Amino acid sequence: MTSQPAAASRVDAIADDIRSRILRGEYPGETSFTETDVATRYDVARPTAKAAIEKLVSESVLERRTNKTARVIKLGPEDVRDIYFTRARLEKAVLLQLAQARSVPAGAIAAQRELEQLDGSSGFDTVDPDMRFHMALVDSIGSPRTSRMYGSLVSQVKLCMAQIQGLHLVQPERIIKEHQHLLELIEAGDGDAASNFLDEHLSRPRERLVAAVGGVPGPEAFRD
């Protein structure tokens, strides 16, 4: 009985390490992960390696087609738009709920302060606190299933960003100002305005990311 938690912990540790390396751009899109390679690299049994791979597949960090080796997902322009469309749908519902209660999550404020303290950072350095800001909004409504769903989307956004490290999709100063405006709208209880502003906040990076992964950007990419 005591070996089960230890095994589960080992699976999580391996998955966490692989995920962090992928999201740092160490493994580009379509890099393959076999059970044998992972077992050898982390000195574990193949069932443990398989479980770690399957965990990352379930998070949409890796993909495994029928009878194929698991690979790092390589997202294209329409994937980006679909990810951001789903993000917007989830976040809008959250913003309406938070504004109704005039509840500004402490986690979002903390992430905002972290963004404000970044100095001379690259575009990729802003990704973690930016995503934590939005994740904190979603987490604050207390729905584990919604948080898990949104967390998967966050991983995929980071996956896109890992492919284009160093690119400034949106200047950090603008992100900070727009986040602050969202928090002010929540505090003011104006859910409709917060929901509408979220569209503007997400549409610019969405279309610039579409262009960065080889697509044709919409007009939002050029909005000042």
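The values are calculated or read from the model by the stated rules, or taken from the named source; none is laboratory data. If you're wondering where the values come from, they're calculated on a predicted model, not measured in any experiment. Don't worry about glycine lacking a Cβ; one is built from the backbone with ideal geometry, like all the others, and counts go over all protein chains shown.
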Practice problem: Filter the range 51-78 for residues that are out of contact with any helix residue (DSSP H, G or I) (no Cβ under 7 Å at 6 or more places or on another chain) and free of Cβ contacts under 8 Å to residues at least 24 places away in the same chain and give the result. | Solution: 54, 57, 58, 65, 66, 67, 68
Quiz item: Give me the pairs: first residue in the range 81-98 and under 15 Å from residue 136 (Cβ atoms), second residue β-branched (Val, Ile, Thr) and not in a helix (DSSP H, G or I), beta-carbon distance under 9 Å, and six or more apart or on different chains, which are they?
Solution: 94/141; 97/141; 98/104; 98/141
Quiz prompt | Matching option when the condition is assigned by TED's automatic domain parsing to the domain that holds residue 97 and either outside any helix (DSSP H, G or I) or more than 18 Å from residue 87 (Cβ to Cβ) (or both), among 207, 184, 200 | solution = 184
Exercise. Check residue 97 against each of (1) assigned by TED's automatic domain parsing to the domain that holds residue 194; (2) on the phi > 0 side of the Ramachandran plot; (3) of a type outside the set (Asp, Glu) and name the one condition it does not meet.
Key: (2)
Quiz prompt | Matching residues in the range 124-158 - criterion: being surrounded by fewer than 19 Cβ atoms within 10 Å (Cβ to Cβ) and not in a helix (DSSP H, G or I) | solution = 141, 142, 143
Practice problem: Only helices (runs of 4 or more DSSP H) wholly contained in the range 1-86 count here; list those with 1 or more residues that are aromatic (Phe, Trp, Tyr), surrounded by fewer than 18 Cβ atoms within 10 Å (Cβ to Cβ) and modelled with pLDDT of 90 or more. | Solution: 35-42
